[in-house]
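Working notes, structure below.
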Amino acid sequence: MDGTEPRCVSLRLIDQRVLSNAAQYLEILAAKAGFQTFIGEGLLMANGKDWYHQRHIVAPAFMGDRLKSYSGHMVQCTKEMLQSLENAVESGETEVEIGQYMTKLAADIISRTEFGTSYKKGKKIFHLLKVLQSRCAQASRHLCFPGSRFFPSKYNREIKALKMEVETLLMEIIQSRKDCVEIGRSNSYGNDLLGILLNEMQKKRGDGNSLNLQLVMDECKTFFFAGHETTALLLTWTVMLLASNPSWQDKVRAEVKRVCNGETPSVDLLSKLTLVSNKVKYLKMNE
């Protein structure tokens, strides 16, 4: 089924499918529990009213004007990445793992847009989340039994320690924002994702649907982790395909030179890079 034709399915048939493939559905539940271990109860894990409420809160961070305001961070991070590539070539490296550079670029951009001036701690949080993901994956390959995630095994102890370190760093960033507001140094918590979440929490204090600090941290972890991977993969495939198709690489380079005319690319120029935009859209459709 391709999803275009409506079908009526009986509950009895659904029960049969679930019962006949119980192991598959248990694996899905286990995978979700594994994600929940390191990103908590953020938007990715939410359902129903919780999802709607959280989606409504974080939406302003991804509005068009807001995304445009992040362009300076994106340009700066890209320049730093290109400089590191040039340094690698000058040092004699003939091959580079471009995926690692794109992953670092995506993480750096998210660090700056999510945490603003606290981006250095954000980069450390990203590294810890990657390690935490690896430990959760390793732990899931071992024998599981009811309550096994509470058993003080080697992996569970490491997972607990990493989670505490991540949340300690997040709390330090959050507390510094709160202190600035309380002493009058600033009248808001900032315009980045963390600031938007904290402003929303303050605005809805006393409301039954208000955010708590744990949920703020979970949202930060969710967007930090889930947001970088898709972008990094898209950039990696774009660079790889351009490298393997020199003629298209020449066409794209010529368009960038013609449109930018030696200047740093800006948001206003993106709409004029039609060839670049079409190729990126094609890759996104075929991810």
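The values are calculated or read from the model by the stated rules, or taken from the named source; none is laboratory data. Predicted, not measured: the structure shown is a model, and the values here were computed from it. A quick note on method: Cβ atoms are made from the backbone with ideal geometry, for glycine too, and the neighbour counts reach across all protein chains shown. The area values use the complete protein model at the heavy-atom level, side chains included, leaving out ligands, DNA and RNA. Shrake-Rupley method; radii C 1.70, N 1.55, O 1.52, S 1.80 Å.
Before moving on, here are some points about what is shown:
- Subset of LYS79/LYS124; LYS79/LYS272; LYS154/LYS203; LYS123/LYS154 violating a 32 Å alpha-carbon distance limit: LYS154/LYS203
- Estimated inter-spin distance, SER153 and GLU229, nm [label 7 Å along Cα→Cβ]: 2.1
- Surface calculation, 1.4 Å probe, protein heavy atoms: TRP51 sits at approximately 110 Å² accessible.
- The peptide list 123-134, 91-102, put in order of mean Cβ contacts within 10 Å with the highest first, becomes 123-134, 91-102.
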